[in-house]
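Inspection log for the structure reproduced underneath, given as structure tokens.
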Amino acid sequence: RSLSAGEPRARPAGPSSGREGGRRKRTTFSKAQLELLVRAFEKEPYPGIALREQLSSLTDIPESRIQ
């Protein structure tokens, strides 16, 4: 049957819907990494690029994942 103008079209489900390549894998943190990040974010809830780069080097987590 054909769709009328008022009916929404179905969107394909799956990892490719919405964004090319799907979602990024969830980052998992070790206990030591998590403790360091929690302490840092308690002191500075909105860290600048310099602090994020420092945390990245201390934790071996990419700076783009430290938000």
Next item on the list: Could you grab the pairs with beta carbons closer than 9 Å, sequence gap of 6+ or different chains, first residue in the stretch 39-60 and part of a loop (DSSP other than H, G, I, E, B), second one of a type in the set (A, V, I, L, M, F, W, C) and at pLDDT 95 or above?
Entry: GLU44/LEU51; PRO47/ALA40; PRO47/PHE41; PRO47/LEU55
Notebook entry, point to check: Among GLU20, GLU35, which is in a loop (DSSP other than H, G, I, E, B), out of contact with any helix residue (DSSP H, G or I) (no Cβ under 8 Å at 6 or more places or on another chain) and either surrounded by 10 or more Cβ atoms within 10 Å (Cβ to Cβ) or modelled with pLDDT under 95 (or both)?
Noted result: GLU20
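The values are calculated or read from the model by the stated rules, or taken from the named source; none is laboratory data. These figures come from a predicted structure and were not determined experimentally. No Cβ is skipped: glycine too gets one built from the backbone with ideal geometry, and neighbour counts run over all protein chains shown.
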